[in-house]
Structure formats: structure tokens, C-alpha cells
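Chemist: Input: one structure, supplied below.
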Amino acid sequence: MALKRRTSHENSGKSHVERISMSLSPKLLAEFDKSMVKAGFTDRSKAIQTALHSFVDEHNWMNDLPKSGAGAIIMLYDNHIYNQDTKSTRTQHKYNDIISAATHLHLNDNNCLESIMVKGDVRRMKELANELSKNRGIKSLRFHFVNVM
């Protein structure tokens with residue numbers, strides 16, 4: 001993929017944007033356009049900007065670049081394995097400095113879905129996600145991080 005940049009000023013010159021051109025394979029562009037429409041975007045530039053924000057947030061999360069941010073930990077777990085509910089609650093109490101809210105949903109007799117909204121110190125968020133993931137009852141744990149700009 002080749003990139004070209006050129007500077008542009010919109011409207012009165014107060015907003016500054018960098019315009020780029022990209023070279024993509026026709027197959028990748030077709031897949032992107034299809035995904036863009038499914039996601040509800042009508043503007044390719046806005047869809048690419050959103051994808052770039054996600055890429056930057058993920059990279060920053062993996063490399064500890066920001067000191068603070070926000071996010072959501074989503075867990076699917078079997079609540080009958082090793083008293084998972086109690087372990088999760090005890091762990092969350094240790095991180096009440098970064099947890100803003102938590103929601104627990106009973107999916108069926110064995111499975112629960114929990115979302116934990118966090119903000120603050122990125123290092124503490126990583127510690128929380130790591131500690132929760134060690135519990136045996138966890139079937140899936142995902143963290144969605146956003147860099148608060």
C-alpha cells in the first residue's frame with residue numbers, strides 16, 4: 001500500500017486536515033466497502049478514520065503508551081466452576097479505583113456475561129484484566145480500550 005499526503009484547510013482555514021491517497025487491492029477495497037456499509041457508514045473517509053482510531057488505541061494499549069484511558073472488560077464465564085461469581089467480585093473490589101460500573105447478565109443456568117467499565121490508570125486496567133483471566137471459569141475475556149484524547 002502506498003500513501004501520499006497533502007495538507008488541506010477546510011472552510012475558513014481553521015480546521016486542518018491531512019489528505020492521503022492509498023493504493024489497495026480491489027479485493028481488499030471491496031471487502032472494506034461491504035463491511036463499511038454493514039457497520040452503517042456512508043462515508044468512506046469516516047469509516048477509515050474510525051478504523052485508524054481503533055488501530056491506534058489497540059497499539060497504545062499493547063505498548064503502554066498512554067498513562068490513562070477508558071475501556072470495557074467483557075467476560076463470559078461458567079458461574080458453577082470454582083465459585084466464579086465470588087472470585088470475580090473479590091477481584092473487582094481490589095480495583096475499585098478504576099472500576100466505574102459493572103453489569104452482570106444471567107444467560108442460562110451455567111453462563112453469565114459481565115461487563116466492567118473502567119477508566120483511569122492503564123497499568124491498573126491491565127492488571128485487572130490479567131487477574132480476571134486467570135480464573136478457571138472464564139470462557140472468554142475481551143478488553144476494549146479507548147485512548148481518551
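What follows is calculated from the coordinates using simple rules that are stated; it is not laboratory data. In this text the structure is predicted, and so the values were computed from the model without any measurement. Note: ideal-geometry Cβ built from the backbone for every residue, glycine included; neighbour counts use all protein chains shown.
Chemist: Between ARG142 and ASP97, what is the label-to-label distance in nm when each label sits 7 Å out along the Cα-to-Cβ direction?
Modeler: If labels sit at ARG142 and ASP97, their model points lie 3.0 nm apart.
Chemist: Going by amide H atoms built from the backbone, whose H comes under 5 Å of the H on ALA102, apart from near neighbours?
Modeler: For ALA102, whose amide H was placed from the backbone, the distant partners under 5 Å are MET117.
Chemist: What does the extension gain come out to for ASN130 and GLU31, with contour length at 0.36 nm per residue minus their alpha carbon separation?
Modeler: So the chain would gain 32.2 nm between ASN130 and GLU31.
Chemist: Shifting gears a bit: Going down the table (LYS87/LYS139; LYS67/LYS139; LYS67/LYS94; LYS38/LYS139), which pairs top 24 Å between alpha carbons?
Modeler: Listed pairs above 24 Å: LYS67/LYS139; LYS38/LYS139.
Chemist: Moving on. Under a point-charge model restricted to the Cβ atoms of Lys and Arg (+1) and Asp and Glu (-1), what is the dipole moment magnitude of region 68-146 relative to its Cα centre, in debye to the nearest 20?
Modeler: So the dipole magnitude of region 68-146 works out to roughly 260 debye.
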